[in-house]
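> Quick one: structure below, then a few questions.
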Amino acid sequence: MKIGITGQSGFIGTHLFNYLGLQANIERIPFEDRYFESESSLDSFVSQCDVIVHLAAMNRHNDPEVIYNTNIELVKKLISSLERTNSQAHVFISSSTQEEKDNLYGKSKKDGRQLLIEWSKKVGAKFTGLIIPNVFGPFGNPFYNSFIATFCHRISHNELPEIHIDADIDLIYVQNLVKLIHELIIKSESNHKYLVPHSVTVRVSEALSKLYEFKKDYMDNGIFPRLDNYFELCLFNTFRSYIPQDYFPRKLKLNTDDRGSFVETVKTLGQGQFSFSTTKQGITRGDHFHLRKVERFAVIKGKARIQLRRIGTEEVINYFLDGSDPAYVDMPVWFTHNITNVGEDELVTLFWINEFFDPSDPDTYYEKV
């Protein structure tokens, strides 16, 4: 099945593109925003797709009319291309619960969905309109995608977040959303108004309070917070994605006396699995990433290079650690990572992860850094 995503480089688009890359029997057709400015480029993209997920849209602008006109124009350009190429692709569009509110963004999503309904009826193609609640997750753009993204960015950068309206908000974690979209693609049925269920309802002030707890426990004191439920795990992994790159590596306190040395490597308010490895000179371990796991590498003997690269990007982050000055680095979700012994002696690394290893659900995906 060949699937293309308009708005591939956006928040949801990036997560969906990467998630589909892990699924069997799917070929992703790459999309670039400039295709909307070239009929030939857009037609080439559309003609290759069995499924098109239309995510490209403007969410915020000082002039609401610009938002409305931009979003409707994008839908019209897509429909024109579908007609020029005689496409029978199953088209999905991301709409919003804002449809029922009195604003031009919500109206643009509702009217755009209606235009695609009319196209699908005219040509006999499948169409699914997704009515999506507020989405949060790693890598969202602060001041644009969600209040969670803005809060995470500001708190992790020691800035002061503001609550404009304290209300109960329905949220869905981005990983849950893209998994659902994949399931609907495989199911291959039309649904002109599919109401995407929210994962949780949370008050804005409660979310802010929890994020401040993460900041205090994790960033200020080096303690993994208690993650009592799935929402807290998702919120914590979201928060971690906004921590500045130079926050790591973090120094560990080395206690020495005539007996030797002692180092506290991991403190957690919850539970998890501890393990250690020895690595021979020049050997690399890892080259994999996780979608949900929280993981720490603490070097306690030898010299190591830890590398990380966010999936879908090219920048490689390098951290160099020395067991004579113990330190740790934590692995964010969606970052492939490895550790290499770059010293002359044996490397000893302590690992902590927030869940036991389950061979039936390992949450481990291999990709070279």
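> Conditions first: (1) in contact with a Gly (Cβ under 9 Å, 6 or more places away or on another chain); (2) surrounded by fewer than 22 Cβ atoms within 10 Å (Cβ to Cβ); (3) touching a residue at least 60 places away in the same chain (Cβ under 8 Å). F92 passes all but one, so which condition is the exception?
Result: F92 passes all but (2).
> Oh, and also: Could you look through the range 77-99, keep only residues that are part of a helix (DSSP H, G or I) and of a type in the set (A, V, I, L, M, F, W, C), and pick out the one that is nearest to the chain's Cα centre (by Cα)? Break it down stepwise before answering.
Narrowing the range 77-99 to residues part of a helix (DSSP H, G or I): 77-84, 97-99.
Going one step further and asking which of them are of a type in the set (A, V, I, L, M, F, W, C), we end up with 78-79, 82.
Numbers: L78: 26, I79: 29, L82: 30 Å.
My answer is L78.
> Follow-up question, since we're still on this one. So, in the range 114-147, how many residues would count as being farther than 19 Å from G10 by Cβ, part of a helix (DSSP H, G or I) and either among the charged types (D, E, K, R) or touching a residue at least 12 places away in the same chain (Cβ under 8 Å) (or both)?
Matching residues across the range 114-147 total 8.
> Here's another thing I want to ask about it. Any idea which of (1) touching a residue at least 60 places away in the same chain (Cβ under 8 Å); (2) within 30 Å of S261 (Cβ to Cβ) is the one T364 doesn't satisfy?
In the conditions (1) touching a residue at least 60 places away in the same chain (Cβ under 8 Å); (2) within 30 Å of S261 (Cβ to Cβ), T364 misses (2) alone.
> Looking for something surrounded by fewer than 21 Cβ atoms within 10 Å (Cβ to Cβ), in a loop (DSSP other than H, G, I, E, B), modelled with pLDDT under 95 and of a type in the set (K, R) - is there at least one such residue anywhere in the range 280-288?
yes
> While we're here: Quick check on this structure: which one of K179, K126, K109 is over 22 Å from the mean Cα position of the chain (by Cα), surrounded by fewer than 21 Cβ atoms within 10 Å (Cβ to Cβ) and either under 27 Å from G312 (Cβ atoms) or not hydroxyl-bearing (S, T, Y) (or both)?
Working: K179 fails: over 22 Å from the mean Cα position of the chain (by Cα); K109 fails: surrounded by fewer than 21 Cβ atoms within 10 Å (Cβ to Cβ).
Of K179, K126, K109, the one residue that is over 22 Å from the mean Cα position of the chain (by Cα), surrounded by fewer than 21 Cβ atoms within 10 Å (Cβ to Cβ) and either under 27 Å from G312 (Cβ atoms) or not hydroxyl-bearing (S, T, Y) (or both) is K126.
Each row is one residue, and each column tells you yes or no for (1) in contact with a strand residue (DSSP E or B) (Cβ under 9 Å, 6 or more places away or on another chain); (2) β-branched (V, I, T); (3) closer than 17 Å to T128 by Cα; (4) surrounded by fewer than 14 Cβ atoms within 10 Å (Cβ to Cβ).
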site	(1), (2), (3), (4)
T6	yes, yes, yes, no
P30	yes, no, no, yes
V53	yes, yes, yes, no
P64	no, no, no, no
S81	no, no, no, no
K101	no, no, no, yes
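> Starting from the range 202-216, take each residue that is closer than 16 Å to T238 by Cα and touching a residue at least 24 places away in the same chain (Cβ under 8 Å) and list its partners that are among the β-branched types (V, I, T) and surrounded by fewer than 18 Cβ atoms within 10 Å (Cβ to Cβ), counting only C-beta distances under 8 angstrom and pairs at least six apart or across chains.
So the pair list comes out as V204/I163; V204/I165; L208/I163.
> Are any of the residues in the range 29-37 assigned to a helix (DSSP H, G or I), under 25 Å from N103 (Cβ atoms) and under 24 Å from the mean Cα position of the chain (by Cα)? Spell out the reasoning first.
Of all residues in the range 29-37, those assigned to a helix (DSSP H, G or I) come to 33-37.
Adding the requirement that they be under 25 Å from N103 (Cβ atoms) leaves 33, 36.
Subset that is under 24 Å from the mean Cα position of the chain (by Cα): 33.
Within the range 29-37, one or more residues are assigned to a helix (DSSP H, G or I), under 25 Å from N103 (Cβ atoms) and under 24 Å from the mean Cα position of the chain (by Cα).
The values are calculated or read from the model by the stated rules, or taken from the named source; none is laboratory data. Quick caveat: nothing in here was measured; it's all calculated off a predicted structure. Counting neighbours? That spans all protein chains shown, and the Cβs are built from the backbone with ideal geometry, glycine included.
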